[in-house]
1. Output the residues belonging to the stretch B:97-117 that are crowded, with 23+ Cβ neighbours inside 10 Å and under 18 Å from B:T148 (Cα atoms).
2. Quick one: count up the residues across the stretch A:24-54 that are crowded, with 18+ Cβ neighbours inside 10 Å, over 24 Å from B:L143 (Cβ atoms) and more than 7 Å from chain B (Cβ to nearest Cβ).
3. Using the structure shown, decide if B:Y140 is facing chain A (nearest Cβ under 7 Å) and surrounded by 15 or more Cβ atoms within 10 Å (Cβ to Cβ).
4. Only one of these is within 22 Å of the chain's Cα centre (by Cα), part of a helix (DSSP H, G or I) and at the interface with chain A (Cβ under 8 Å from one of its Cβ atoms): B:S87, B:S97, B:S76, B:S123. Name it.
5. From the list B:F31, B:F22, B:F35, which residue is within 11 Å of another protein chain (Cβ to nearest Cβ) and within 16 Å of B:A242 (Cα to Cα)?
6. Return the total of residues in the stretch A:204-231 being assigned to a helix (DSSP H, G or I) and over 24 Å from the mean Cα position of the chain (by Cα).
7. Quick check on the stretch A:23-43. Is at least one of its residues modelled with pLDDT under 55, in contact with a Leu (Cβ under 9 Å, 6 or more places away or on another chain) and farther than 14 Å from A:A289 by Cα?
8. Pairs please, first residue from the stretch A:157-175 and touching a residue at least 24 places away in the same chain (Cβ under 8 Å), second anywhere and assigned to a helix (DSSP H, G or I) and not acidic (D, E), Cβ atoms under 7 Å, 6+ apart in sequence or on different chains.
Amino acid sequence: MKNVATQSTSRHWSQRLLGVERRNWRPALLFVLPAFVLLLSITIYPLVRTLALSFVTLELSVSPVERFNGLGNFTKALTADPRFGNAMLNTAILAVIGVTIQVVLGMALALMASEMGRTRAVWVTLFMIPIMIAPVVSGFQFRVIFNDTFGPLNYLIREVSNGTIRPPPWTASTSTSLLTIMITDIWQWTPFMLLLLLAGLDSLSQEVIEAARVDGANYWQQLIRIKIPILLPILIIGILIRMMDTFKTFDLVVLLTEGGPGSSSETVAYYTYVNGFKFFSMGYTAALAFIQLVVIVVVSRGFLSLQQRQRGDLR
Amino acid sequence: MNTNKLILRLGLGAILSLALVFFLFPVLWMFLTSFKTQDQIFASPPVLIPPQDQWNLVNYLGALNESGGLQAVRDSLIVAAATALVSVGVGALAAYSLARYRTGGQQFAFWILSTRMFPPVASAIPLFLIFRELKLLDTYWALILANTIFNLPFAIWLLKGFIEELPYELEESALIDGASTFGAFWRVTLPLIRPGIVTALLFTFVFTWNEFMFALLMTRRNVRPLTVMIQSLAGGHEILWAQIAAAGVIAIIPGILLVIFLQRHIVRGLTMGALKN
């Protein structure tokens, strides 16, 4: 089955002769064509158009005329736009700190859930719920919870501390606004890590673990020396998926803070949106999009080669 | 040993329950909020459970009628259903070709996967400009197209995995009996991967139903999906918290149903077939 394609061209006249059409490659190309064309329209075409736009000034709110600007947009973004640097930093904080917390919590919960025997399925089902909730709705839920005047969280903090702690106005304070986005993201995606790692734990060979146990390895030794190394490739994929998603963090920002106060909680996706669809600076927005793309490609390449090396080590 | 195990499970169960409080409280609070009056929302101490006579659909009817929820639900349904059908239809064909003929080789399959990494904001500008030129902004078509494109890699990879699990012999015998390639796909493969098709349809439906950014950028007045409605209500001057909560409860129904009915395939779906459970 694996070499159907490689044989198709060299043997297809003989298959004709035998009346066996199964290695006919023409329908195969035809089948893949619609998907190919559609996917080209979000990759190659936008890539070309974004790249072309990134060298011009196009202020749609002023006029539809494009003026060539050379590398101006790029130099502005990388050297003269602290707001973009801030958005990059915020995104990096979400990607590194937020995702790390998701991994650690997800791992702990997966290890616990895997010991639960017959009731496991019930636990897992309940934990799955946040994943499938629209981020817009998650954002709304937490906006109510974090609300300074009527939110249950600040009420609880005031009650428990007997009024001694004055909780911050979470989404409305420059020091906590990004944190609210991170907490909501952790709420939504820790269950994903849990599911992923639980599936990974299930696929571990019981014999290896039994052998380690017989050799006298305790629980933590088994975890650190055996389980985590075997889970590493899955873990890397999970981290990669989540990190790529943080570059898309947009819905939560809009619902929770609108990037504010000031620009304290702006992410790259949100700042790009502001430039494109509030200021209508299409040229500059294109340059921002292109810079993101480069960062994403570099990060994902890094992760994939790391994962490949991991797999190589295990073999 | 057995009592030890029982104690361990009780202890772990207690910790997991605490964790569940964190993961389910926001949903529960939104549900309770959807039955409160505006006064109760601002009350201190907060009203935990609304009085019995308020367990009615007042806020739901308000969200659906006064706030335009009915149109929003209809728009979201149309866009999500059409996106699911188109992306699974196109995706199944491509998946079949990739699984059975290795069309384009490994490289092509990974290129398809990598398009999912493309940041949507980056394609939003060119897509916005095309749709504007084609006069498609603020129509269902713009959203269906944009969402289909972003769900295709998912549908292709998921279905490719399901097809690769089938033995080729069944299709082979159909081909020898004179079926065309499409005939073999349509009559033999498709019925056998029904669980995969259902999984892909439901996932793409929920992803599209939950989608917000394109919905916000590509629509104005004529089309207004539920996510956009919720955001615009939450960004208004006098915020009707209970009505938004009601709209939020309506918005999470498809996702919750997916969790209940598709548990077995959720991990597979979320990792695009990379992991099976």
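The values are calculated or read from the model by the stated rules, or taken from the named source; none is laboratory data. Remember, it's a predicted structure, so these values are computed and weren't measured experimentally. Cβ atoms come from the backbone with ideal geometry, glycine included; neighbour counts cover every protein chain shown.
1. B:I112
2. Summing the residues that are crowded, with 18+ Cβ neighbours inside 10 Å, over 24 Å from B:L143 (Cβ atoms) and more than 7 Å from chain B (Cβ to nearest Cβ) in the stretch A:24-54 gives 1.
3. no
4. Details: B:S87 fails: at the interface with chain A (Cβ under 8 Å from one of its Cβ atoms); B:S97 fails: within 22 Å of the chain's Cα centre (by Cα); B:S76 fails: at the interface with chain A (Cβ under 8 Å from one of its Cβ atoms).
So the residue among B:S87, B:S97, B:S76, B:S123 that is within 22 Å of the chain's Cα centre (by Cα), part of a helix (DSSP H, G or I) and at the interface with chain A (Cβ under 8 Å from one of its Cβ atoms) is B:S123.
5. On the way: B:F22 fails: within 16 Å of B:A242 (Cα to Cα); B:F35 fails: within 11 Å of another protein chain (Cβ to nearest Cβ).
Result of the check over B:F31, B:F22, B:F35: B:F31.
6. Taking the stretch A:204-231 first, the residues assigned to a helix (DSSP H, G or I) are A:206-214, A:219-231.
After this cut, where a residue has to be over 24 Å from the mean Cα position of the chain (by Cα) as well, the list is A:206-214, A:219-227.
Residues flagged as assigned to a helix (DSSP H, G or I) and over 24 Å from the mean Cα position of the chain (by Cα) within the stretch A:204-231 amount to 18.
7. no
8. A:W170/A:F146; A:W170/A:T180; A:T171/A:R143; A:T171/A:F146; A:T171/A:S177; A:T171/A:T180; A:T171/A:L256
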